[in-house]
1. How far is the Cα center of the stretch 90-115 from the Cα center of the stretch 173-242, in Å?
2. So with the 1.4 Å probe, I'd like the accessible area per residue for the chain, rounded to whole Å².
3. Of the candidates ALA117, ALA98, ALA53, which one comes out as most mobile in a Gaussian network treatment of the chain with C-alpha springs shorter than 10 Å?
4. Using unit Cβ charges (K, R positive; D, E negative) and no other charged atoms, how large, in debye to the nearest 20, is the dipole of the chain about its Cα centre?
5. Give, to the nearest whole percent, the P(r) tail of the stretch 4-242 beyond 31 angstrom, counting all Cα pairs.
6. Write down the percent of antiparallel bridges among all DSSP beta bridges whose residues are both part of the chain, to the nearest 5.
7. Counting only protein heavy atoms and a 1.4 Å probe, tell me what percentage of the chain's accessible area is made up of carbon and sulfur.
8. Could you rank the peptides 221-231, 33-43 by their average count of other C-beta atoms within 10 Å per residue, with the highest value first?
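The values are calculated or read from the model by the stated rules, or taken from the named source; none is laboratory data. In this text, all values refer to a predicted model and were calculated from it rather than measured experimentally. Glycine also receives a Cβ, built like all others from the backbone with ideal geometry; neighbour counts cover every protein chain displayed. Only protein heavy atoms, including side chains, enter the accessible area calculation; ligands, DNA and RNA are left aside. Shrake-Rupley method; radii C 1.70, N 1.55, O 1.52, S 1.80 Å.
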Amino acid sequence: MQEYLLEFEQVYYTYPGLQQPTLNGLSMKIPSGKKCALIGQNGCGKTTMFLLANGLYKPNSGIIKWCGKPLIYNRKELSQIRQDIGLIFQDPEQQIVASTVAEDISYGLCNLGLPTAEIKSRVEQILIEFELTNLANKPVHHLSLGQKKRVSIADVMVLKPQLLMLDEPTAYLDIKHTRNLMKTLQKIHQHGNTLLMATHDLDLVYRWADWVFVMDQGKLIIEGTPDKVFSQRKILEDLDLGLPLIYEILFSDLSPQEEIIIERFRAKIFKYL
Ligand SMILES: Nc1ncnc2c1ncn2[C@@H]1O[C@H](COP(=O)(O)OP(=O)(O)O)[C@@H](O)[C@H]1O
Ligand SMILES: [Mg+2]
(Lines give C-alpha, C1' and ligand atoms only; values in the text may rest on other atoms or scores of the structure.)
(Ligands and ions follow the chains in the order given, each with its own letter.)
Protein backbone atom coordinates (compact mmCIF):
# COMPACT_ATOMS: atom_id res chain seq x y z
CA MET A 1 0.00 0.00 0.00
CA GLN A 2 1.09 3.55 -0.80
CA GLU A 3 2.44 5.17 2.40
CA TYR A 4 0.99 8.56 1.51
CA LEU A 5 -2.12 9.01 -0.61
CA LEU A 6 -2.05 12.74 -1.16
CA GLU A 7 1.05 14.93 -1.09
CA PHE A 8 1.39 18.70 -1.35
CA GLU A 9 4.93 19.85 -2.08
CA GLN A 10 5.64 23.58 -1.72
CA VAL A 11 2.23 24.48 -3.10
CA TYR A 12 1.44 28.16 -3.73
CA TYR A 13 -1.99 29.39 -4.70
CA THR A 14 -3.25 32.97 -4.99
CA TYR A 15 -6.93 33.68 -5.71
CA PRO A 16 -7.40 35.86 -8.79
CA GLY A 17 -7.48 39.50 -7.72
CA LEU A 18 -5.71 38.90 -4.36
CA GLN A 19 -2.16 40.14 -3.64
CA GLN A 20 -1.19 37.58 -1.01
CA PRO A 21 -1.01 33.84 -1.64
CA THR A 22 -3.64 31.84 0.27
CA LEU A 23 -1.52 28.69 0.11
CA ASN A 24 1.96 29.89 0.84
CA GLY A 25 4.37 27.02 0.31
CA LEU A 26 2.12 24.33 1.76
CA SER A 27 3.81 20.96 2.16
CA MET A 28 1.84 18.14 3.72
CA LYS A 29 1.40 14.40 3.21
CA ILE A 30 -1.77 12.51 4.05
CA PRO A 31 -0.85 9.06 5.37
CA SER A 32 -2.89 6.11 4.06
CA GLY A 33 -5.47 4.58 6.35
CA LYS A 34 -5.35 7.28 9.01
CA LYS A 35 -7.98 9.55 10.52
CA CYS A 36 -6.40 12.96 10.01
CA ALA A 37 -7.57 16.30 11.33
CA LEU A 38 -6.71 19.68 9.84
CA ILE A 39 -6.92 22.63 12.19
CA GLY A 40 -6.10 26.30 11.88
CA GLN A 41 -7.71 29.71 12.24
CA ASN A 42 -10.47 30.83 9.92
CA GLY A 43 -8.94 31.98 6.67
CA CYS A 44 -5.68 29.99 7.00
CA GLY A 45 -6.45 28.09 3.80
CA LYS A 46 -8.03 24.76 4.85
CA THR A 47 -10.93 24.90 2.39
CA THR A 48 -8.60 26.14 -0.35
CA MET A 49 -6.33 23.15 0.31
CA PHE A 50 -9.32 20.82 -0.20
CA LEU A 51 -10.31 22.55 -3.43
CA LEU A 52 -6.80 22.14 -4.80
CA ALA A 53 -6.60 18.52 -3.63
CA ASN A 54 -9.43 17.43 -5.86
CA GLY A 55 -8.33 19.55 -8.76
CA LEU A 56 -10.99 22.28 -8.62
CA TYR A 57 -8.15 24.82 -8.52
CA LYS A 58 -4.65 24.47 -9.89
CA PRO A 59 -1.53 25.53 -7.96
CA ASN A 60 0.44 28.55 -9.22
CA SER A 61 3.53 26.57 -8.33
CA GLY A 62 4.47 23.41 -6.45
CA ILE A 63 3.26 19.86 -6.93
CA ILE A 64 0.22 17.93 -5.76
CA LYS A 65 0.59 14.16 -5.98
CA TRP A 66 -2.00 11.42 -5.72
CA CYS A 67 -0.58 7.95 -4.99
CA GLY A 68 2.88 9.24 -5.84
CA LYS A 69 1.91 10.73 -9.23
CA PRO A 70 1.49 14.46 -9.96
CA LEU A 71 -2.08 15.51 -10.79
CA ILE A 72 -2.78 15.97 -14.46
CA TYR A 73 -5.32 18.67 -15.22
CA ASN A 74 -7.27 17.17 -18.08
CA ARG A 75 -10.91 16.09 -18.02
CA LYS A 76 -10.30 12.35 -17.79
CA GLU A 77 -7.71 12.55 -15.00
CA LEU A 78 -9.74 15.09 -13.04
CA SER A 79 -12.83 12.93 -13.25
CA GLN A 80 -10.77 10.02 -11.85
CA ILE A 81 -9.26 12.16 -9.07
CA ARG A 82 -12.75 13.28 -8.02
CA GLN A 83 -13.75 9.65 -7.66
CA ASP A 84 -10.61 8.80 -5.69
CA ILE A 85 -10.83 11.86 -3.43
CA GLY A 86 -14.29 12.60 -2.09
CA LEU A 87 -14.93 16.12 -0.83
CA ILE A 88 -17.76 16.89 1.56
CA PHE A 89 -18.50 20.60 1.59
CA GLN A 90 -19.23 22.38 4.85
CA ASP A 91 -22.72 23.27 3.68
CA PRO A 92 -24.62 20.22 2.38
CA GLU A 93 -26.77 22.54 0.22
CA GLN A 94 -23.66 23.09 -1.92
CA GLN A 95 -23.44 19.37 -2.56
CA ILE A 96 -27.04 18.35 -3.09
CA VAL A 97 -28.20 18.69 -6.68
CA ALA A 98 -31.26 16.49 -7.29
CA SER A 99 -34.76 16.52 -5.85
CA THR A 100 -34.98 13.18 -4.00
CA VAL A 101 -32.42 11.38 -1.88
CA ALA A 102 -32.08 8.40 -4.26
CA GLU A 103 -31.77 10.66 -7.31
CA ASP A 104 -29.16 12.74 -5.55
CA ILE A 105 -27.08 9.69 -4.67
CA SER A 106 -27.31 8.32 -8.22
CA TYR A 107 -26.28 11.64 -9.80
CA GLY A 108 -22.50 11.05 -9.66
CA LEU A 109 -22.87 7.47 -10.91
CA CYS A 110 -25.02 8.65 -13.86
CA ASN A 111 -22.29 11.16 -14.71
CA LEU A 112 -19.80 8.29 -14.86
CA GLY A 113 -22.04 6.67 -17.46
CA LEU A 114 -22.36 3.37 -15.55
CA PRO A 115 -24.96 0.79 -16.65
CA THR A 116 -28.42 1.40 -15.13
CA ALA A 117 -28.44 -1.93 -13.27
CA GLU A 118 -25.13 -1.15 -11.57
CA ILE A 119 -26.29 2.35 -10.62
CA LYS A 120 -29.44 0.87 -9.09
CA SER A 121 -27.61 -1.74 -7.05
CA ARG A 122 -24.93 0.68 -5.80
CA VAL A 123 -27.56 3.23 -4.77
CA GLU A 124 -29.60 0.56 -2.96
CA GLN A 125 -26.53 -0.66 -1.12
CA ILE A 126 -25.40 2.80 -0.03
CA LEU A 127 -28.94 3.68 1.11
CA ILE A 128 -28.79 0.64 3.41
CA GLU A 129 -25.27 1.44 4.63
CA PHE A 130 -26.21 5.01 5.48
CA GLU A 131 -29.63 4.08 6.91
CA LEU A 132 -31.34 6.22 4.30
CA THR A 133 -33.61 3.59 2.72
CA ASN A 134 -36.72 5.03 4.36
CA LEU A 135 -35.85 8.46 3.00
CA ALA A 136 -35.01 7.31 -0.55
CA ASN A 137 -37.96 9.02 -2.23
CA LYS A 138 -38.17 11.98 0.09
CA PRO A 139 -37.53 15.44 -1.35
CA VAL A 140 -34.08 16.49 -0.16
CA HIS A 141 -35.31 19.94 0.91
CA HIS A 142 -37.62 18.26 3.46
CA LEU A 143 -34.71 16.68 5.34
CA SER A 144 -33.15 17.91 8.58
CA LEU A 145 -29.63 19.28 8.43
CA GLY A 146 -28.24 16.08 10.00
CA GLN A 147 -30.01 13.99 7.36
CA LYS A 148 -28.78 16.27 4.57
CA LYS A 149 -25.25 15.83 5.89
CA ARG A 150 -25.68 12.05 5.77
CA VAL A 151 -26.98 12.28 2.20
CA SER A 152 -24.05 14.48 1.18
CA ILE A 153 -21.62 11.87 2.54
CA ALA A 154 -23.55 9.04 0.82
CA ASP A 155 -23.40 11.06 -2.46
CA VAL A 156 -19.62 10.94 -2.27
CA MET A 157 -19.13 7.45 -0.77
CA VAL A 158 -21.18 5.84 -3.53
CA LEU A 159 -18.29 6.74 -5.86
CA LYS A 160 -15.98 4.62 -3.63
CA PRO A 161 -13.27 7.21 -2.95
CA GLN A 162 -10.08 6.13 -1.14
CA LEU A 163 -9.70 9.45 0.64
CA LEU A 164 -12.64 11.30 2.13
CA MET A 165 -12.09 14.98 2.93
CA LEU A 166 -14.67 16.66 5.12
CA ASP A 167 -14.79 20.42 5.53
CA GLU A 168 -15.99 21.28 9.05
CA PRO A 169 -18.59 18.50 9.02
CA THR A 170 -19.85 19.11 12.55
CA ALA A 171 -20.50 22.82 12.02
CA TYR A 172 -24.18 23.51 12.72
CA LEU A 173 -24.84 19.94 13.94
CA ASP A 174 -26.22 19.30 17.43
CA ILE A 175 -24.68 16.68 19.74
CA LYS A 176 -26.95 13.86 18.55
CA HIS A 177 -26.22 14.46 14.88
CA THR A 178 -22.52 14.94 15.59
CA ARG A 179 -22.46 11.55 17.32
CA ASN A 180 -24.28 9.92 14.39
CA LEU A 181 -21.84 11.52 11.98
CA MET A 182 -18.87 10.24 13.99
CA LYS A 183 -20.34 6.72 13.95
CA THR A 184 -20.73 6.97 10.16
CA LEU A 185 -17.11 8.11 9.84
CA GLN A 186 -15.97 5.27 12.07
CA LYS A 187 -17.65 2.77 9.74
CA ILE A 188 -16.12 4.43 6.69
CA HIS A 189 -12.68 4.24 8.30
CA GLN A 190 -13.17 0.57 9.19
CA HIS A 191 -13.82 -0.11 5.51
CA GLY A 192 -10.24 1.02 4.87
CA ASN A 193 -10.80 4.63 3.84
CA THR A 194 -8.46 7.45 4.77
CA LEU A 195 -10.12 10.51 6.28
CA LEU A 196 -9.09 14.15 6.44
CA MET A 197 -11.35 16.43 8.45
CA ALA A 198 -11.02 20.20 8.80
CA THR A 199 -12.54 21.24 12.09
CA HIS A 200 -12.45 23.75 14.94
CA ASP A 201 -13.60 21.20 17.51
CA LEU A 202 -10.37 20.40 19.33
CA ASP A 203 -11.98 18.00 21.80
CA LEU A 204 -13.24 15.99 18.87
CA VAL A 205 -9.79 16.11 17.26
CA TYR A 206 -8.18 14.87 20.44
CA ARG A 207 -10.41 11.86 20.85
CA TRP A 208 -10.86 11.01 17.16
CA ALA A 209 -7.75 11.77 15.12
CA ASP A 210 -4.67 9.59 14.61
CA TRP A 211 -2.77 12.45 13.02
CA VAL A 212 -3.18 16.23 13.28
CA PHE A 213 -2.08 18.95 10.86
CA VAL A 214 -1.94 22.56 12.03
CA MET A 215 -2.01 25.23 9.35
CA ASP A 216 -1.35 28.95 9.63
CA GLN A 217 -1.33 31.52 6.83
CA GLY A 218 -1.28 28.93 4.09
CA LYS A 219 1.51 26.78 5.55
CA LEU A 220 1.86 23.69 7.69
CA ILE A 221 3.12 24.69 11.14
CA ILE A 222 3.02 21.44 13.15
CA GLU A 223 1.93 17.87 12.53
CA GLY A 224 1.88 14.74 14.62
CA THR A 225 -0.20 12.61 16.94
CA PRO A 226 -2.78 14.57 18.95
CA ASP A 227 -0.64 14.23 22.10
CA LYS A 228 2.44 15.53 20.33
CA VAL A 229 0.60 18.44 18.71
CA PHE A 230 -1.39 19.55 21.75
CA SER A 231 1.65 19.38 24.02
CA GLN A 232 3.06 22.32 22.00
CA ARG A 233 0.86 24.62 23.96
CA LYS A 234 2.77 27.85 23.38
CA ILE A 235 2.60 27.57 19.58
CA LEU A 236 -1.13 26.78 19.63
CA GLU A 237 -1.82 29.66 22.01
CA ASP A 238 0.17 32.05 19.82
CA LEU A 239 -2.07 30.95 16.94
CA ASP A 240 -5.17 31.57 19.11
CA LEU A 241 -6.29 28.02 18.53
CA GLY A 242 -6.74 27.04 22.17
CA LEU A 243 -6.45 23.48 23.44
CA PRO A 244 -8.75 20.52 24.02
CA LEU A 245 -10.50 20.76 27.37
CA ILE A 246 -8.46 17.90 28.83
CA TYR A 247 -5.27 19.82 28.10
CA GLU A 248 -6.67 23.00 29.61
CA ILE A 249 -7.29 21.00 32.77
CA LEU A 250 -3.98 19.15 32.71
CA PHE A 251 -1.99 22.31 32.21
CA SER A 252 -3.74 24.40 34.81
CA ASP A 253 -2.09 24.60 38.22
CA LEU A 254 -2.93 21.25 39.71
CA SER A 255 -1.82 19.85 43.03
CA PRO A 256 -0.04 16.47 42.81
CA GLN A 257 -3.19 14.83 44.19
CA GLU A 258 -5.37 16.47 41.54
CA GLU A 259 -2.95 15.26 38.88
CA ILE A 260 -3.31 11.69 40.09
CA ILE A 261 -7.09 11.99 40.01
CA ILE A 262 -7.08 13.47 36.50
CA GLU A 263 -4.83 10.66 35.24
CA ARG A 264 -7.14 8.08 36.79
CA PHE A 265 -10.21 9.58 35.17
CA ARG A 266 -8.59 10.48 31.86
CA ALA A 267 -10.36 7.75 29.90
CA LYS A 268 -13.71 8.59 31.49
CA ILE A 269 -13.30 12.31 30.89
CA PHE A 270 -12.71 11.68 27.18
CA LYS A 271 -15.92 9.74 26.95
CA TYR A 272 -17.82 12.86 27.94
CA LEU A 273 -15.93 15.43 25.88
N1 LIG B 1 -13.17 32.50 -3.93
C2 LIG B 1 -12.31 33.28 -3.28
N3 LIG B 1 -11.84 34.42 -3.82
C4 LIG B 1 -10.94 35.19 -3.17
N5 LIG B 1 -10.45 34.90 -1.95
C6 LIG B 1 -10.86 33.77 -1.34
C7 LIG B 1 -11.82 32.92 -1.97
N8 LIG B 1 -12.04 31.86 -1.15
C9 LIG B 1 -11.28 32.07 -0.06
N10 LIG B 1 -10.58 33.23 -0.18
C11 LIG B 1 -9.64 33.76 0.80
O12 LIG B 1 -8.62 32.81 1.04
C13 LIG B 1 -8.27 32.77 2.40
C14 LIG B 1 -8.37 31.35 2.91
O15 LIG B 1 -9.72 30.94 2.86
P16 LIG B 1 -10.16 29.46 3.19
O17 LIG B 1 -9.39 28.50 2.38
O18 LIG B 1 -11.63 29.44 3.05
O19 LIG B 1 -9.73 29.31 4.72
P20 LIG B 1 -10.28 28.36 5.88
O21 LIG B 1 -11.05 27.25 5.23
O22 LIG B 1 -9.07 27.91 6.62
O23 LIG B 1 -11.16 29.22 6.75
C24 LIG B 1 -9.18 33.75 3.11
O25 LIG B 1 -8.46 34.93 3.30
C26 LIG B 1 -10.31 33.96 2.14
O27 LIG B 1 -10.85 35.24 2.25
MG1 LIG C 1 -13.05 26.71 5.46
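1. Spelled out, the Cα-based centre of one part sits 28 Å from the other.
2. Numbers: 14100 Å² over 273 residues.
Result: 52 Å² per residue.
3. ALA117
4. Values: 30 positive and 31 negative charges, 145 e Å.
The calculation lands at about 700 debye.
5. Values: 6438 of 28441 pairs.
For the stretch 4-242, the fraction of Cα-Cα distances above 31 Å is 23 percent.
6. So the antiparallel bridges amount to about 55 percent of the total.
7. Working: 7200 of 14100 Å².
Accessible surface attributable to carbon and sulfur in the chain totals 51 percent.
8. On the way: 221-231: 16.7, 33-43: 18.8.
Packing order, densest peptide first, comes out as 33-43, 221-231.
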